[in-house]
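The values are calculated or read from the model by the stated rules, or taken from the named source; none is laboratory data. What you see is a predicted model; the values in this text were computed from it and never measured. Cβ: placed from backbone, ideal geometry, glycine included. Neighbour counts: every protein chain shown.
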Amino acid sequence: MSLRAPLLFVAMALLIVATGLVQGWNLALTILNMGLISAIMSLGVNLQWGFAGLFNVGVMGFVALGGLAAVLVALPPVPDAWNAGGLRLLGALALGAAVLVAAVMAWKRKVGGRARALVLLALLIGGFFLFRAALDPAVQAIEAVNPSLTGYLGGLGLPVLVSWPVGGLLAAGAAWIIGKAALGLRSDYLAIATLGIAEIVIAVLKNEDWLSRGVKNVIGIPRPVPYEIDLQRSEGFAAQAAGWGLDPVTASTLWVKVLYAGLFAAVLAVILVLAQLALASPWGRMMRAIRDNEVAASAMGKNVTARHLQVFILGSAVCGIAGAMMTTLDGQLTPGSYQPLRFTFLVWVMVIVGGSGNNYGAVLGGFLIWWLWVMVEPLGLWAMELITSGMAADNWLRGHLTDAAAHMRLMTMGIILLLVLRFSPRGLVPER
Amino acid sequence: MTDILNALVALSNFVLIPGAAYGAQLALGALGVTLIYGILRFSNFAHGDTMAFGTMATILVTWGLQSVGISFGFLPTALIALPVGIAITGLLLMGTDRTIYRFYRKQKAAPVVLVIVSMGVMFVYNGIVRFIIGVGDVNFADGARFVITAREFKEMTGLDEGLAIRSTTLITLVTAAIAVALLFWFLNRTRTGKSMRAFSDNEDLALLSGINPEKVVAVTWLIVAALATTAGVLYGLDKSFKAFTYFQLLLPIFAAAIVGGLGNPLGAIAGGFVIAFSEVLITYAWKKVLEYALPESLEPSSLVQLLSTDYKFAVSFAILIIVLLFKPTGLFKGQSV
């Protein structure tokens with residue numbers, strides 16, 4: 001193995017340390033934490049694109065489903081809402097699912113063309129109205145329960161760490177549905193279908209108040225680590241902080257971030273090891289064989305569509321886990337903050353820049369691009385101030401340029417992506 | 001009898017006319033996507049942002065015209081600015097092709113690589129638009145707002161329901177019809193248009209018969225610039241300009257192009273209207289129309305809205321999935337690779 005990858009990782013670590021020295025450790029740790037999460041998302045996309053050549057532009061949707069899992073698992077249930085309409089709502093959802101299953105079963109029956117289509121249509125349209133008739137009153141009842149504070153069913157009240165695997169499962173379920181419909185067709189169709197599912201997931205999160213309070217946001221998701229304020233109150237911690245030469249307030253914020261970083265690093269390590277093992281296994285070889293030549297692989301008896309479905313679900317699940325972790329870190333679910341450019345396309349830049357097909361590359365790309373994403377804004381502002389320093393303070397161009405520095409990010413990311421694709425299409429750490 | 005008329009008027013006012021305008025805008029967008037797919041053979045993710053860029057260029061020219069006191073009477077000034085906007089967008093697209101896409105074309109890169117490249121282009125265009133005009137809402141429609149207002153219509157006909165025809169709706173339909181007619185005339189009647197169709201049908205055969213691929217590609221980008229800018233400006237006049245909304249139009253536009261059959265211009269137009277009308281029909285609250293159309297005993301108590309308007313993406317998505325499952329080449333036969 002060449003020295004390239006380790007050297008690049010050391011350089012990345014130095015970048016973060018330098019950020020800590022210049023701009024403060026608080027920012028450095030913040031970048032590190034989101035970098036760890038980005039690295040996991042990037043691993044998920046690398047599974048799909050790097051291993052199997054699947055083009056998923058719905059990362060945002062899977063990440064948001066992970067976030068939803070954090071709410072559904074960790075928040076305490078709202079008993080009044082459950083009494084008001086919880087069971088009716090579950091019944092309505094079960095009815096909806098039953099209609100869909102019946103429709104699929106009707107479709108699978110190998111009899112009569114037109115009759116089957118009519119039955120299917122009647123089933124779906126009738127089922128839809130029945131579903132709405134059952135769902136709407138339940139939703140109204142639930143959303144009427146103390147809408148300013150709850151107005152939703154709440155979660156299960158379990159430890160928030162449980163939500164990480166649950167987030168993966170939710171994302172895997174969504175991926176299964178999409179994969180069933182769009183895999184096996186041309187590659188662009190999967191892209192469009194995933195683009196669509198991501199928008200729909202966000203629309204559901206924004207509008208279904210009974211589920212996660214919609215745009216009213218869910219705040220105060222329980223933490224897996226202690227609260228700063230509790231640390232500051234504890235005698236032992238204050239003494240220890242003094243030992244490090246820090247005041248308790250700074251020490252507690254840093255310590256909480258370090259704890260998060262430890263948790264995230266553990267998850268990243270597990271997923272990275274699993275991904276490496278998968279890549280080196282016969283399964284990984286088969287995946288790459290399918291990616292490089294689908295026709296030859298299927299001639300060798302490999303079921304290309306089934307394998308694609310498998311890896312698509314796995315990769316989406318990894319994105320879901322990362323999404324649950326991110327919402328845990330934020331402590332809140334804000335559906336309005338999910339933007340495709342930030343959560344889908346940025347992850348793609350990470351994978352391409354890092355080196356598609358190489359897990360270490362994906363991880364490195366996750367850290368590097370996240371660091372850049374955070375840094376471009378202050379750097380851009382600084383550059384703009386330099387450019388405009390000769391102009392009068394009230395010059396409109398000066399004001400416009402300084403305001404526009406905030407939008408430097410997207411352009412920078414686009415240019416980086418285009419440059420890497422053109423001059424180093426295999427990324428920083430190429431696949432062997 | 002008047003009840004039926006009222007129902008019809010309400011239906012046209014809230015469903016048919018807005019649906020037709022939206023459909024025309026989507027059709028123009030989908031035509032651009034489908035042309036790029038047919039000639040350059042990749043799905044252009046930057047199309048939404050191309051539309052945003054073209055609209056932005058047109059808005060800037062409009063502002064320039066307005067500041068020197070030029071207006072277009074009761075028509076929006078943006079229509080005079082449109083050709084300039086198209087020219088600017090054409091320059092941008094040709095420049096992008098020269099610096100970026102041509103390299104991959106020469107390499108005969110896989111389509112999916114070009115899709116990823118177009119993602120990078122999307123970032124850059126989006127950055128440019130945000131950089132120049134910002135992220136806020138820009139309303140640049142001027143001129144007369146209505147051809148007929150609801151009140152005038154009520155006075156004219158004596159019906160309870162008003163039919164308001166906004167001038168932007170009419171402009172959208174007329175402009176789209178002209179654009180489509182020009183496009184089909186060009187594709188079917190001119191030498192360059194015929195060479196484009198030949199190139200799309202069979203690249204190797206076209207090259208053998210001496211068609212210059214670079215010229216075909218350049219003309220395609222120019223046409224795409226015209227279509228995208230027109231679609232964007234019409235959408236912006238009808239609603240308002242906001243960079244992010246244009247990015248989100250990508251989904252219904254792609255759905256329209258795929259439903260019609262990728263690479264098939266006629267299909268793109270049909271697909272645009274299919275998607276637009278399904279969106280409007282499914283997210284419209286039918287209470288008003290049904291109140292007029294049904295006898296009193298059957299009148300609905302709820303809004304009779306199948307899905308809330310926030311789920312309009314779900315509609316284009318559902319249609320897309322249905323088409324993918326049952327007819328992957330689209331309603332009109334498109335290409336499938």
**Report entry** segment A:78-105, residues that are within 14 Å of another protein chain (Cβ to nearest Cβ) and of a type in the set (A, V, I, L, M)
**Finding:** A:L100, A:A103, A:V104
Requested in this report: Select from segment B:252-284 the residues that are within 29 Å of B:E203 (Cβ to Cβ) and among the hydrophobic types (A, V, I, L, M, F, W, C) and list them in ascending order.
Outcome: B:I253, B:F254, B:A255, B:A256, B:A257, B:I258, B:V259, B:L262, B:L266, B:A268, B:I269, B:A270
Query raised in the report: For A:N56, which of the numbered conditions (1) under 26 Å from A:P425 (Cα atoms); (2) assigned to a helix (DSSP H, G or I); (3) within 21 Å of the chain's Cα centre (by Cα) fails to hold?
Result: (2)
Query raised in the report: Going through segment A:75-109 one residue at a time, which ones are part of a helix (DSSP H, G or I) and in contact (Cβ under 8 Å) with a residue 40 or more places away in the chain?
Result: A:D80, A:A81, A:W82, A:A84, A:G85, A:G86, A:R88, A:L89, A:G91, A:A92, A:L93
Query raised in the report: Looking only at segment A:115-139, which residues are in contact (Cβ under 8 Å) with a residue 40 or more places away in the chain and more than 11 Å from every other protein chain (Cβ to nearest Cβ)?
Result: A:A134, A:L135, A:A138, A:V139
Requested in this report: Return yes or no: is A:T327 within 30 Å of A:S163 (Cβ to Cβ), part of a helix (DSSP H, G or I) and in contact with a strand residue (DSSP E or B) (Cβ under 7 Å, 6 or more places away or on another chain)?
Outcome: yes
Query raised in the report: Residues in segment B:289-320 that are away from every other protein chain (no Cβ under 12 Å), assigned to a helix (DSSP H, G or I), surrounded by fewer than 19 Cβ atoms within 10 Å (Cβ to Cβ) and in contact with a helix residue (DSSP H, G or I) (Cβ under 6 Å, 6 or more places away or on another chain): how many?
Result: 1
Report task. Could you tell me which numbered condition B:L16 fails, if it satisfies all but one of (1) without any contact (Cβ under 8 Å) to a residue 40 or more places away in the chain; (2) over 20 Å from the mean Cα position of the chain (by Cα)? Result -> (2)
Query raised in the report: Is it true that A:A362 is part of a helix (DSSP H, G or I), more than 12 Å from chain B (Cβ to nearest Cβ) and among the aliphatic types (A, V, I, L, M)?
Result: yes
Query raised in the report: Which condition breaks for B:M94 when tested against (1) touching a residue at least 12 places away in the same chain (Cβ under 8 Å); (2) surrounded by 16 or more Cβ atoms within 10 Å (Cβ to Cβ)?
Result: (2)
**Report entry** Filtered residues of segment A:385-413 (kept if within 11 Å of chain B (Cβ to nearest Cβ) and either in contact with a Ser or Thr (Cβ under 7 Å, 6 or more places away or on another chain) or small (G, A, S) (or both))
**Finding:** A:L401, A:A404, A:A405, A:A406
Report summary line: The correct count of residues that are more than 9 Å from chain A (Cβ to nearest Cβ) and either under 29 Å from B:P213 (Cα atoms) or not in a helix (DSSP H, G or I) (or both) in segment B:110-139 is 6
Report task. Specify which of the listed residues (B:A206, B:A218, B:A225, B:A198) is among the small types (G, A, S), in a helix (DSSP H, G or I) and within 22 Å of B:L79 (Cα to Cα). Result -> B:A225
Report task. Evaluate segment B:269-282: report whether one residue or more is among the charged types (D, E, K, R) and more than 13 Å from the chain's Cα centre (by Cα). Result -> yes
Requested in this report: Could you list, in sequence order, all residues of segment B:42-71 that are surrounded by fewer than 24 Cβ atoms within 10 Å (Cβ to Cβ) and assigned to a helix (DSSP H, G or I)?
Outcome: B:I59, B:L60, B:V61, B:W63, B:G64, B:L65, B:Q66, B:S67
Query raised in the report: Looking at segment B:178-222, which of its residues are among the aliphatic types (A, V, I, L, M) and in contact (Cβ under 8 Å) with a residue 40 or more places away in the chain?
Result: B:A179, B:V180, B:L183, B:L187, B:M196, B:V216, B:V217, B:A218, B:L222
Report task. Any chance you could count how many residues in segment B:230-247 are within 22 Å of B:I17 (Cα to Cα) and touching a residue at least 12 places away in the same chain (Cβ under 8 Å)? Result -> 12
Report summary line: Of the listed residues (A:G390, A:G355, A:G366), the one being assigned by TED's automatic domain parsing to the domain that holds A:G196 and in contact with a Pro (Cβ under 7 Å, 6 or more places away or on another chain) is A:G355
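Residues checked against (1) in contact with a strand residue (DSSP E or B) (Cβ under 6 Å, 6 or more places away or on another chain); (2) charged (D, E, K, R); (3) within 14 Å of chain A (Cβ to nearest Cβ):
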{"residue": "B:G48", "(1), (2), (3)": "no, no, yes"}
{"residue": "B:A52", "(1), (2), (3)": "no, no, yes"}
{"residue": "B:I86", "(1), (2), (3)": "no, no, no"}
{"residue": "B:D97", "(1), (2), (3)": "no, yes, yes"}
Query - Out of B:G263, B:G232, sole residue that is away from every other protein chain (no Cβ under 14 Å) and either part of a helix (DSSP H, G or I) or crowded, with 24+ Cβ neighbours inside 10 Å (or both) - result: B:G232
Query raised in the report: Which members of segment B:1-41 meet the condition of being surrounded by fewer than 24 Cβ atoms within 10 Å (Cβ to Cβ) and of a type in the set (S, T, N, Q)?
Result: B:T2, B:N6, B:S12, B:N13
Requested in this report: Would you check if there is a residue in segment B:155-175 being within 14 Å of chain A (Cβ to nearest Cβ), among the polar types (S, T, N, Q) and either in contact (Cβ under 8 Å) with a residue 60 or more places away in the chain or surrounded by 18 or more Cβ atoms within 10 Å (Cβ to Cβ) (or both)?
Outcome: no
Query raised in the report: For segment A:144-223, which fully contained helices (runs of 4 or more DSSP H) count at least 3 residues that are under 26 Å from A:G44 (Cα atoms) and either β-branched (V, I, T) or away from chain B (no Cβ under 13 Å) (or both)?
Result: A:163-182, A:187-207
**Report entry** Hey, B:L237 of a type in the set (A, V, I, L, M) and buried (at least 24 other Cβ atoms within 10 Å of the Cβ) or not
**Finding:** yes
Report summary line: A:M391 vs (1) touching a residue at least 60 places away in the same chain (Cβ under 8 Å); (2) in contact with a Lys or Arg (Cβ under 9 Å, 6 or more places away or on another chain); (3) more than 18 Å from B:G134 (Cβ to Cβ); (4) not acidic (D, E): all pass except (1)
Report task. Sort out which residues of segment A:365-393 are assigned to a helix (DSSP H, G or I) and farther than 15 Å from A:A405 by Cβ, and write them in order of number. Result -> A:G365, A:G366, A:F367, A:L368, A:I369, A:W370, A:W371
Report task. Scan A:F367, A:F423 and give me the residue that is surrounded by fewer than 14 Cβ atoms within 10 Å (Cβ to Cβ) and either more than 9 Å from chain B (Cβ to nearest Cβ) or free of Cβ contacts under 8 Å to residues at least 12 places away in the same chain (or both). Result -> A:F423
